[in-house]
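Below is one structure, written out as structure tokens; the observations come after it.
The values are calculated or read from the model by the stated rules, or taken from the named source; none is laboratory data. All values reported here derive from a predicted model rather than from experimental measurement. Heads up, the Cβs are rebuilt from the backbone with ideal geometry, glycines too, and the neighbour counts pull from every protein chain shown.
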Amino acid sequence: MLKIALTGADGLVGSRIIELLKDFSFIPIPQAKMDITNTEQTNAIIKEIDFDIFLHLAAYTNVAAAETNKELCFKINVEGTKNVFDAVTNKGKKFVYISTDFVFDGKNPPYFEDSTPNPPGIYAQSKYEGEKIVNNKAMIVRISYPYRAKFEIKKDFFRTFKSYLEQKKPLFMITDSLMTPTLIDDIAFGLKHLLNNYSPEIFHLGGGRALSPYEAAMLVAEKFNLDKSLIGKTTYEEYMKNKPGLPQYANIRSKKNNFWKMKTFDEGLEEIKIQMSNDKTANE
Ligand SMILES: NC(=O)c1ccc[n+]([C@@H]2O[C@H](COP(=O)([O-])OP(=O)(O)OC[C@H]3O[C@@H](n4cnc5c(N)ncnc54)[C@H](OP(=O)(O)O)[C@@H]3O)[C@@H](O)[C@H]2O)c1
């Protein structure tokens, strides 16, 4: 059984990967045990643990806050990544870096594994700097707008939309931009293949189809019988006045993924409805 050490194991994506993939032996390394910005501590911990592949998910992930916290964002996403990568490669072990579709500027979609990044904001720049540290020497897996049925600690965009609509709060959604929502379960199963077939290349694990945030919110309302009239329209230009760092057409595709079918948002929401109703039955 492959032994996978990982950072970010308690996060939105990492915790679901561990929940779903039962045929690996995971070794989660929480921040409390190893702060990746602490070089000595990171070296010492990685030296002492036994693993085959290191999956690096830990990151400063607040895109909006990164704009005013550049130093911390770079410290975690760039210096932190370098610390972990150096310690892992010093041991001669394999490394997987989880990155983002935000490394692309969103001006000329779609984006494939060999498209040229041009990160638009601080978070995206920091993730791209992280990529540059490991590029050609490790696997880079870019993911996009991950979502899942439940995770109390952090809301993804899907559960944010849903909870707004459930609370009857209006939503103003962009009509002239694209996002590629990705069910985290698909990221996990795609990664399962990639971990079993490791190669130091770039891979994209994005959802089956890109759509506008307006379409995405309407789909959430439709699937969960919520009030569509709460969803208003806005433009990318208007929205960007409050939220810098967001690429306009975040449409990632893959030339390499012939191993796992990634669900569209429509299909992903159907899967989530099944998981939610199974949960309800299990709790009854
Ligand atoms: N969420 C998205 O929309 C999205 C989109 C594309 C790509 N990604 C990428 O996917 C990966 C996972 O994202 P996520 O949303 O699952 O993250 P998340 O829920 O925000 O969790 C971030 C994780 O990073 C850990 N961490 C932060 N600073 C650390 C430090 N100094 N030392 C050690 N650990 C530290 C946190 O540990 P504690 O819990 O112990 O604080 C937490 O487990 C990231 O690399 C992110 O860039 C995310």
Scan segment 6-28 and report the pairs whose first residue is under 24 Å from R159 (Cβ atoms) and near the ligand (Cβ under 6 Å from one of its atoms) and whose second residue is among the small types (G, A, S) and modelled with pLDDT under 95, with Cβ atoms within less than 8 Å and a gap of 6+ or a chain change.
none
For K22, indicate whether it is out of contact with any helix residue (DSSP H, G or I) (no Cβ under 8 Å at 6 or more places or on another chain), modelled with pLDDT of 95 or more and farther than 30 Å from M240 by Cβ.
yes
Within segment 32-61, take every residue that is hydrophobic (A, V, I, L, M, F, W, C) and near the ligand (Cβ under 7 Å from one of its atoms) and give me the one that is farthest from S126 (Cα to Cα).
A32
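Suppose the filter is free of Cβ contacts under 8 Å to residues at least 60 places away in the same chain, crowded, with 19+ Cβ neighbours inside 10 Å and touching a strand residue (DSSP E or B) at 6+ places or on another chain (Cβ under 9 Å); does S99 pass it?
Details: free of Cβ contacts under 8 Å to residues at least 60 places away in the same chain: yes; crowded, with 19+ Cβ neighbours inside 10 Å: yes; touching a strand residue (DSSP E or B) at 6+ places or on another chain (Cβ under 9 Å): yes.
For S99, the condition - free of Cβ contacts under 8 Å to residues at least 60 places away in the same chain, crowded, with 19+ Cβ neighbours inside 10 Å and touching a strand residue (DSSP E or B) at 6+ places or on another chain (Cβ under 9 Å) - is met.
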Restricting to segment 62-78, name every residue that is within 11 Å of the ligand (Cβ to nearest atom) and under 17 Å from I98 (Cβ atoms).
N62, V63, A66, C73, I76, N77
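Return the only residue of A124, A64 being in a helix (DSSP H, G or I), in contact with a Lys or Arg (Cβ under 8 Å, 6 or more places away or on another chain) and within 26 Å of G207 (Cβ to Cβ).
A64
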Anything in segment 102-122 that is touching a strand residue (DSSP E or B) at 6+ places or on another chain (Cβ under 8 Å), buried (at least 17 other Cβ atoms within 10 Å of the Cβ) and aromatic (F, W, Y)? List them, or say none.
F104, Y111
